[in-house]
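Since every read-out is calculated from the coordinates, none of them should be taken as a lab result. Just so we're clear, the structure is a prediction, and the values are computed from it rather than from any experiment. For neighbour counting, all protein chains shown are included, and Cβ atoms are generated from backbone atoms with ideal geometry for every residue, glycine included.
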Amino acid sequence: MPIPSGARYQVGRVDFTVVNDGTYWYDAGAIFGVVPRVMWERVAPPLDERYRIPLGLNCILLRSRGKTVLVETGVGGKPGDRDNATPAEEGTLLTSLAALDVAPEDIDVVVNTHLHADHCGWNTSEGGDGTLHPTFPNATYVINAQEWHDATHPNERTRATYLERNVAPIADRLELADGEHAITDELHFVPAPGHTEGHSTVVIRSGQEWGVYLGDLVQHRAQLERTAWVSGLDILPLVSMETKRQLVDRCIEEQALVIFCHGDYPGVGRLERTEQGYRRWVGVGDGATG
């Protein structure tokens, strides 16, 4: 089934569209870490014989102060990139952008919340002669400085997902952020450590409204609703738990629009508290406003 061409939303005067790179299949046990299976399978039953669950690959396209900005680039299209994702024939990030009449050359800024392979695969593409090049030839790539260091100096645990083919070709196109970084006055790159030390979120602010793209602060809706449920993929799980708690509470109090990378497409919603005091995710449909 072809991927949707885009769901449109608004935060204040900033319009953005959710584009995606298909569906990514990942081991459910890794997603839920130390949470016992008897608990997580109630909310996320694995759907194939390998106990993998489907994850969205939701990226966002927005225009702010004359810049066309793409947040996250999915798994990519190079050999090996889509081994655990839906095949390219079913649609990719590039075909999703093309459906909006956006060519790779039109992108001014690419933002990566972090550099795990399912978030930066389309940073680069392979030419007919096998050489690698930036997919978005006119773009500056905004990445946290610590994240860039860790991705280019991987250790035994991280080298399986920090792939040189996704980062080396963009080395001369970087804008490294040290702390909070303004992409425009409406769009800020904000540290949110835990999943990785250099992981960041993307905050959209316009007028009195705001929204946040979570990156991999969570990989499943249940992790938004339960503070202690953190991913087995988090490098700093206790830090991740605290980062998530603070951000989620603020999103509830201030009614922020939440954009959820690995949620079911389009992965946009709000968080609210139930009468019992629990958190609850409420998805919002195409055309929602901040």
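Taking every alpha-carbon pair under 8 Å whose residues sit at least 6 apart, segment 168-290 reaches a relative contact order of 20 percent.
Its relative contact order, with pairs defined as Cα atoms under 8 Å and 6+ residues apart, puts segment 122-236 at 20 percent. Once both labels are positioned 7 Å from their Cα atoms along Cα-to-Cβ, the gap between Thr227 and Tyr265 label points is 3.5 nm. Computed extension length for Ala99-Arg42: 16.9 nm, one decimal, from 0.36 nm per residue of separation with the Cα-Cα distance subtracted. Centre-to-centre separation between the Cα atoms of segment 1-62 and those of segment 168-215: 20 Å.
Checking (i) 1, 5, 11, 15, 17, 17, 14, 10, 5, 2, 2, 1, 1, 1, 0, 0, 0; (ii) 1, 5, 11, 13, 14, 11, 10, 8, 7, 6, 5, 4, 2, 1, 0, 0; (iii) 1, 6, 13, 18, 21, 19, 13, 7, 2, 1, 0, 0, 0 against P(r) over Cα pairs in 5 Å bins from 0, in percent calculated from these atoms, the matching label is (iii). Computed from backbone phi, the HN-Hα couplings of segment 179-194 come to x, 5, 9, 8, 7, 9, 6, 9, 9, 10, 9, 10, x, 8, x, x Hz, rounded to whole numbers (Karplus: 6.51 cos²θ - 1.76 cosθ + 1.60, θ = phi - 60°; Gly and Pro given as x). Taking a label point 7 Å from the Cα of Val34 along the Cα→Cβ vector, which residues of segment 222-257 have an amide N closer than 17 Å to it? 223, 226-245, by backbone N distance to the label point.
Which GluC sites (Glu not before Pro) from segment 1-74 combine a DSSP loop assignment with at most 13 other Cβ atoms within 10 Å? Loop-located and lightly packed - Glu49.
The residues packed around Val75, meaning those with a beta-carbon under 10 Å from its beta-carbon, carry a net charge of -2 if Lys and Arg are +1 and Asp and Glu are -1.
Note on Asp172 and Glu197: their simple-model spin labels are 2.9 nm apart, each label 7 Å out from Cα toward Cβ. Label reach from Arg65 (point 7 Å along Cα→C-beta): in segment 157-195, amide nitrogens under 14 Å belong to 181-189.
Give the relative contact order (percent, whole number) for segment 7-283; include only Cα pairs under 8 Å separated by 6+ residues.
Details: 606 pairs, mean separation 50.4, N = 277.
Averaging sequence separation for qualifying contacts and normalising by length gives 18 percent for segment 7-283.
Across the chain, the longest piece that holds none of the trypsin sites (Lys or Arg not before Pro) lying in DSSP loops with up to 16 other C-beta atoms within 10 Å covers 160-290.
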